[in-house]
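Q: Got a structure here, written out as structure tokens. Questions coming.
The values are calculated or read from the model by the stated rules, or taken from the named source; none is laboratory data. Values in this document were obtained by computation on a predicted structure and should not be read as measured data. All Cβ positions, glycine included, derive from the backbone under ideal geometry; neighbour counts span all protein chains shown. The accessibility values were calculated without ligands, DNA or RNA, using every heavy atom of the protein model including side chains. Shrake-Rupley method; radii C 1.70, N 1.55, O 1.52, S 1.80 Å.
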Amino acid sequence: MKIRRQSQGPLSKGDQIEVKRPNGAYYAATVLRPPSAMQINMVFVEYHAEDGSKCVRGYVDLTHVRPSPPLELNRCFKIGDAVDAYWENGWHQGVVRDLLKDSKYVVGFHGNEGKVEEKSEIHQCNLRLHREWDDGSWVPSMAELANSSNENDDKPRNVKLKIVFRKKQADAEFRKGDEVEITSDEEGFRGSWYNAVIVEYRGNDKYLVDYSTSRKEDGVPLRAEAKAQHIRPCPPELLPVASFCLREVVDARYNDGWWIGVISRVLDGSKYAVYFSLPDEELEFDHLKLRIHQDWKNGKWIIASEENSRRLVMNSNRLLHKMDVNEKRFRVKFPKGTRVEVKSDEPGFEGSWYSAIIVDSLGNDKYLVEYLTLKTEDLGAFLREEAYASYIRPRLQHARCTRRYKLFENVDAWYNDGWWIGQVIKVLTTWKYAVYFQTTNEVMEFEHNDLRLHQEWINGKWIIPSK
């Protein structure tokens, strides 16, 4: 679906940036989600907490974001230089107060609220000249910094050139006490992950671990040796979702472990049928026994994409046959002129629904639709395009609620000419609410009349999902 949107800026997923925190320091971060259509001035990032103990994910205002400055290797500093020092896991602004031996400097950090300036010894490799990011460029520029470096007349006292080599990274990727998840390549256990705690590193990429859910007859946790390739950190906790969708990849809690599967059927009562390619079977689970599937790739957690979901589905002819039979059984034909709603799959608009009318049937489960709220680029006519039957559902009738919405109730919010699936997370006034959107991880405020009860079109009928 082609939808006009506002500029989202130059940031892209995976960009390395720096984020300014309340203490005034900048911390290295990675863009997880660039500014969206719903919130163009915010970017979703991941960065290390100020104590360095864990990774934090959250939205940051674009005014507190800047690119990482270019590297300036082997630069020497003089007394009085304004610098950024890598100190306490972030880049803090300071001033060079003295020059020491062994490529070290004394840096003073500005005290807050009348506090005395704090000083610390910082190695040259952890310093850079201070610059400000202003209107898309660095101030002073690289050329100005190069000139200032040539004009450096101060003679450092007792400073000698020292080449610093990075120490070889320790063999152990995990430390004692780390909570992890472990998988197995044994027959009957492939594709499952179990919670454990690292006991010690034994060398040769092997660890001794205690399983958190498996115990011996005397109640002592089961202890075993595991290969590093079978160990990963525990995935970060995500906010719970209101419901899972057909063909969505999930982790299901079964036999004390997490098993990767695909939603094959959406059942009544907040239950789902989940298909497992290993060992090729389908089981039913309550909503609370499922979690969003995440993949551990290149040292980062990635939420399973639609492409990954499709790949898992395509790997099983049996699952495809089951889904094909179910979809044909409940497939609805839409005559010309029928008022419908069409789902978007465009990045940033996934899961939103737009009012349309059926113009014609194109065969092969495709229709030509004309949107009732979206127009062409020149605004001269309503937008027309082809849409698959799986992206079309009947118009939802009598969905508006005459009573007040309750906390954690599922709703559709009218925004940007379409309906977006969300959940009430706070009742602000009698007829105003804060609504959370899981697809974009955003919260927005809505009036009562801009919301409707959320319902799912499943197997040819409208169903109100549970909380």
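Q: Accessible area per residue of the range 385-454 at 1.4 Å probe, in Å²? Please list the in-between numbers first.
A: Values: 3600 Å² over 70 residues.
Here the residues of the range 385-454 average 51 Å² of exposed surface.
Q: Please report, as a whole percent, how much of the solvent-accessible surface of the range 178-233 comes from carbon and sulfur atoms (probe radius 1.4 Å).
A: Values: 1400 of 3290 Å².
So the carbon and sulfur contribution to the accessible surface is 43 percent.
Q: Residues with beta-carbon under 11 Å from that of Ala381, excluding Ala381: net charge, scoring Lys, Arg +1 and Asp, Glu -1? Don't skip to the end; give the middle numbers.
A: On the way: positive: Lys375, Arg384; negative: Glu370, Glu377, Asp378.
Local charge sum for Ala381: -1.
Q: Also, I was wondering about something else. Using the Cβ atoms and a cut-off under 12 Å, what net charge is assigned to the surroundings of Glu225, where Lys and Arg are +1 and Asp and Glu are -1?
A: Net of charged neighbours comes to +1.
Q: Turning to a different aspect of this structure: Cβ neighbours within 10 Å, averaged per peptide: list 177-183, 358-364 in order, most packed at the top.
A: Details: 177-183: 16.9, 358-364: 12.7.
Ranking, from highest mean packing down: 177-183, 358-364.
Q: Hey, got a sec? Which trypsin sites (Lys or Arg not before Pro) in the range 426-459 land in a DSSP loop and have at most 15 other Cβ atoms within 10 Å? The partial results should precede the final answer.
A: Working: sites: Lys426, Lys432, Arg452; in loops: none.
When the trypsin sites (Lys or Arg not before Pro) of the range 426-459 are filtered for loop state and at most 15 Cβ neighbours within 10 Å, nothing remains.
Q: So which chymotrypsin sites (Phe, Trp or Tyr not before Pro) in the range 329-405 are both in a DSSP loop and have at most 12 other Cβ atoms within 10 Å of their Cβ?
A: Numbers: sites: Phe330, Phe349, Trp353, Tyr354, Tyr367, Tyr371, Phe382, Tyr388, Tyr391, Tyr405; in loops: Phe330, Phe349, Tyr405.
Answer by residue number: Phe330.
Q: Counting other Cβ atoms within 10 Å, keep those with at most 14, restrict to DSSP loop, and tell me which trypsin sites (Lys or Arg not before Pro) in the range 355-404 are left. Mind dumping the intermediate values first?
A: Details: sites: Lys366, Lys375, Arg384, Arg395, Arg400, Arg403, Arg404; in loops: Arg395, Arg400, Arg403, Arg404.
Here the sparse-neighbourhood loop sites are Arg395, Arg400, Arg403, Arg404.
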